[in-house]
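Have a look at the structure below, then the notes.
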Amino acid sequence: MATAMRIASAASSFPKHYYSQKFLLEQLQEYWGEQLKNPQLLERLHRNVTVEGRYLALSTERYYEIKTWGQANDVWIKVAQELGEQALCRALNYAGIATGDLGALFFTTVTGIASPSIDALLINRMGLPANIRRTPIFGLGCVAGAAGIARAADYVRAYPKQAAALVSVELCSLTLQREDLSVANLISSGLFADGAAAVIVTGAEFAAGVSPDSEISGPEILATRSIFYPSTEDMMGWDVSEKGFKIVLSTEVPNLIREKLGGDVDAFLADHGYHRNDLRSWVLHTGGPKILEASAAALGLNNGELKASWDCLRKVGNLSSASVLVVLEDVMKNCRPEPGSLGLLAAMGPGFCSELVLLRW
């Protein structure tokens, strides 16, 4: 028997098409052609995001075949199922949990739509329990990875003998707008990428049916908090048109993070009897260089505490809601904090809002 709510595992999955940033820059310059009046600007923006390479849902030549939003969304539905299944299978395997042990399935994305939603399609593909409680989440964007963990924790708090799965699939390349040459879209073309991740959260009384003697050794979830910043809805999100999703990305986002994040984290910790200097690990959404720099400044992190986030940004780019889950996977596998130490998982996104998860390793 477990003794607390825990993150039992985290696992990622990526498409087979991986390209260097240099190659993708060349392809985008060709893609936009004469529309791109200032190729040097695109080159500078791609260099500044510090990404070295990214996975894409399709090979680069296939993107020329996509003429409509409907065609892009059809690709999204197909690839989302494939990557979602891979990520969830890996997360279940890492946790030593069978599909029949799942009581709830949360699915999050902001890069495509489907009805039935992808979580329903995964139930059919994977033979998940017919009575599983499913919750599709759309629109939270980058914050949804952390928010999804928090909602899964809410579920197993109510049903402590059960386990819940969160699956995130983001195929950002399928949202690229060929007619949009705004700075926001040019940055987006160099920053965002494709991938999926899954997390298993277990209740305090959960005992895995597949392996009763197995020990759930991931971090405990001690508390969660959602924070919404009123009248900031224009800072990040989509403008939706007949051509699909057009990126909205304000230059004010880093300033808001510097202004709000430190105080919000301190208040959250204080309500549970802790201080910021009690934390020994940080799992933050990758965002981009300016987001990570603003987060570090707001939290007083100057000694490499966000290395895992920087590494994931460099290796695979910004995966929107999946990013913080990929960082979590890396920390759990490669740089697990000392047992008993406290950590914070956090992300920010459209709303504008923050989601905080207090962990004990």
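Beta carbons closer than 9 Å, at least 6 apart along the sequence or on distinct chains, pair a first residue in the stretch 29-42 that is within 14 Å of residue 178 (Cα to Cα) with a second that is charged (D, E, K, R) and modelled with pLDDT of 90 or more for 29/43.
Quick one: would you say residue 24 is in a helix (DSSP H, G or I), within 30 Å of residue 220 (Cβ to Cβ), touching a strand residue (DSSP E or B) at 6+ places or on another chain (Cβ under 9 Å) and of a type outside the set (D, E, K, R)?
Spelling it out, it is not the case that residue 24 is in a helix (DSSP H, G or I), within 30 Å of residue 220 (Cβ to Cβ), touching a strand residue (DSSP E or B) at 6+ places or on another chain (Cβ under 9 Å) and of a type outside the set (D, E, K, R).
Let's see how each residue does on (1) within 25 Å of residue 55 (Cβ to Cβ); (2) touching a strand residue (DSSP E or B) at 6+ places or on another chain (Cβ under 6 Å); (3) touching a residue at least 24 places away in the same chain (Cβ under 8 Å); (4) assigned by TED's automatic domain parsing to the domain that holds residue 45:
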{"position": "258", "(1), (2), (3), (4)": "no, no, yes, no"}
{"position": "264", "(1), (2), (3), (4)": "no, yes, yes, no"}
{"position": "278", "(1), (2), (3), (4)": "no, yes, yes, no"}
{"position": "339", "(1), (2), (3), (4)": "no, no, no, no"}
{"position": "345", "(1), (2), (3), (4)": "yes, yes, yes, no"}
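Looking at the stretch 67-86, I want the residues that are under 17 Å from residue 123 (Cβ atoms) and in contact (Cβ under 8 Å) with a residue 40 or more places away in the chain and have a partner that is hydrophobic (A, V, I, L, M, F, W, C) and part of a loop (DSSP other than H, G, I, E, B) with Cβ atoms under 8 Å, at least 6 apart or on another chain. Which pairs are those? Within 8 Å, the pairs are 77/114; 80/114; 83/14.
Looking across the stretch 286-330, not a single residue is of a type in the set (Phe, Trp, Tyr) and buried (at least 24 other Cβ atoms within 10 Å of the Cβ). If the Cβ limit is 7 Å and pairs must be 6+ apart or interchain, which residue in the stretch 94-115 that is closer than 11 Å to residue 134 by Cα pairs with which residue that is in a strand (DSSP E or B) and charged (D, E, K, R)? Qualifying pairs under 7 Å: 103/133; 104/133; 105/134.
Counting the residues of the stretch 238-256 that are in contact with a strand residue (DSSP E or B) (Cβ under 7 Å, 6 or more places away or on another chain) and over 22 Å from residue 293 (Cβ atoms) gives 4.
Restricting 323, 309 to those that are among the polar types (S, T, N, Q), assigned to a helix (DSSP H, G or I) and without any contact (Cβ under 8 Å) to a residue 40 or more places away in the chain reduces the list to 309.
The values are calculated or read from the model by the stated rules, or taken from the named source; none is laboratory data. Just so it is clear, the structure is predicted and the values come from calculations on it, not from any experiment. We place every Cβ from the backbone using ideal geometry, glycine too, and count neighbours over all the protein chains shown.
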